[in-house]
Amino acid sequence: MMIAVDGPSAAGKGTLARGIARALGYHFLDTGSLYRAVGLMMIRHGKALEDADSAAHFAATLDVDKIADHELRNERVAEAASRISAYPQVRKNLLEFQRAFARKAPGAVLDGRDIGTVVCPDADLKFFVTAATDVRARRRFDELRGQGVATTYEAVLADVMARDERDATRTTAPTAMADDAIMIDTSELTAEEVLKAVLEVVKDARG
Ligand code: DC
């Protein structure tokens, strides 16, 4: 079974997708980490983020096992990821890896922005996870503060809005809800409540 989980940043899609995969014993891929890894390579090699050819090269030669997750989880890398993810060749070079991952047995859960629309249009189940912008900014702010990052709520809100705008308006594979996706607004729900509701849907779908 193939399950797609899409949505804007800090909506809770990663937590949900990971929870579904754990509950079902499926493989899990955070596709944002691929774009973040390309962003990190651009920074490490001192490339300008406008350099689409270098970004495409790093996407084609990416070895995700060589990059530690903690290196990807900062705002500078997130910003770089959002920028390079707009380049069609970058997206194309990451596509086959994601599609092959999605076919893994006994099943796979992928989270991202374009899983239900572009990467796995034939996914068995698609969820589009969203939440009010201020709720998402508050969650991201609390997370950053928990990591000891000095920032303000206003700065995080501005960041979240800028990134959403860029991800949703780019020409190639923007953040979008597939016609056959189930929309989940997590603004007023805990992660446990969301997972429980979604697992009911999955159970029904599996019969
Ligand atoms: O989900 P995230 O914040 O880790 O994603 C980082 C960036 O990668 C995000 O700003 C947009 C991009 N991205 C994408 O374009 N397509 C995906 N399937 C996943 C992420």
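The values are calculated or read from the model by the stated rules, or taken from the named source; none is laboratory data. Bear in mind the structure is a predicted one, so any value in this text is a computation, not a measurement. A quick note on method: Cβ atoms are made from the backbone with ideal geometry, for glycine too, and the neighbour counts reach across all protein chains shown.
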Task: Of residues in the range 154-207 being within 30 Å of ALA52 (Cα to Cα) and among the polar types (S, T, N, Q), the one farthest from the chain's Cα centre (by Cα) - done: THR171
Task: Residues of the range 77-96 that turn out to be within 12 Å of the ligand (Cβ to nearest atom), assigned to a helix (DSSP H, G or I) and either free of Cβ contacts under 8 Å to residues at least 40 places away in the same chain or buried (at least 16 other Cβ atoms within 10 Å of the Cβ) (or both), as a count - done: 12
Task: Output for the range 108-119, where each listed residue is in a loop (DSSP other than H, G, I, E, B) and either more than 14 Å from the chain's Cα centre (by Cα) or of a type in the set (Lys, Arg) (or both) - done: ARG113
TODO: Select, from ALA105, ALA137, ALA123, ALA168, the only residue that is outside any helix (DSSP H, G or I) and either in contact with a Pro (Cβ under 7 Å, 6 or more places away or on another chain) or surrounded by 14 or more Cβ atoms within 10 Å (Cβ to Cβ) (or both).
DONE: ALA123
Task: Test: ALA21 is crowded, with 17+ Cβ neighbours inside 10 Å and within 14 Å of the ligand (Cβ to nearest atom) - done: no
TODO: Return only the number of the condition from (1) in a helix (DSSP H, G or I); (2) at pLDDT 90 or above that HIS70 does not satisfy.
DONE: (2)
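Can you confirm whether the range 174-183 contains a residue that is in a helix (DSSP H, G or I) and out of contact with any Pro (no Cβ under 9 Å at 6 or more places or on another chain)? Even if it seems obvious, please write down each step before you answer.
Of all residues in the range 174-183, those in a helix (DSSP H, G or I) come to none.
Looking for residues that are in a helix (DSSP H, G or I) and out of contact with any Pro (no Cβ under 9 Å at 6 or more places or on another chain), one finds none in the range 174-183, hence no.
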Open item on the list: Between a residue in the range 123-134 that is small (Gly, Ala, Ser) and any residue that is part of a loop (DSSP other than H, G, I, E, B), which pairs come within a Cβ distance under 6 Å, given they are 6 or more apart or on different chains?
Closed with: ALA131/ALA11; ALA131/THR186; ALA131/SER187; ALA132/SER187
Open item on the list: Looking at LYS47 and the list (1) surrounded by 17 or more Cβ atoms within 10 Å (Cβ to Cβ); (2) more than 13 Å from the ligand (Cβ to nearest atom); (3) in a helix (DSSP H, G or I); (4) not acidic (Asp, Glu), which single condition is not satisfied?
Closed with: (3)
TODO: Just one of (1) over 24 Å from HIS27 (Cα atoms); (2) modelled with pLDDT under 95; (3) under 17 Å from the mean Cα position of the chain (by Cα) trips up LEU144, so point out which.
DONE: (3)
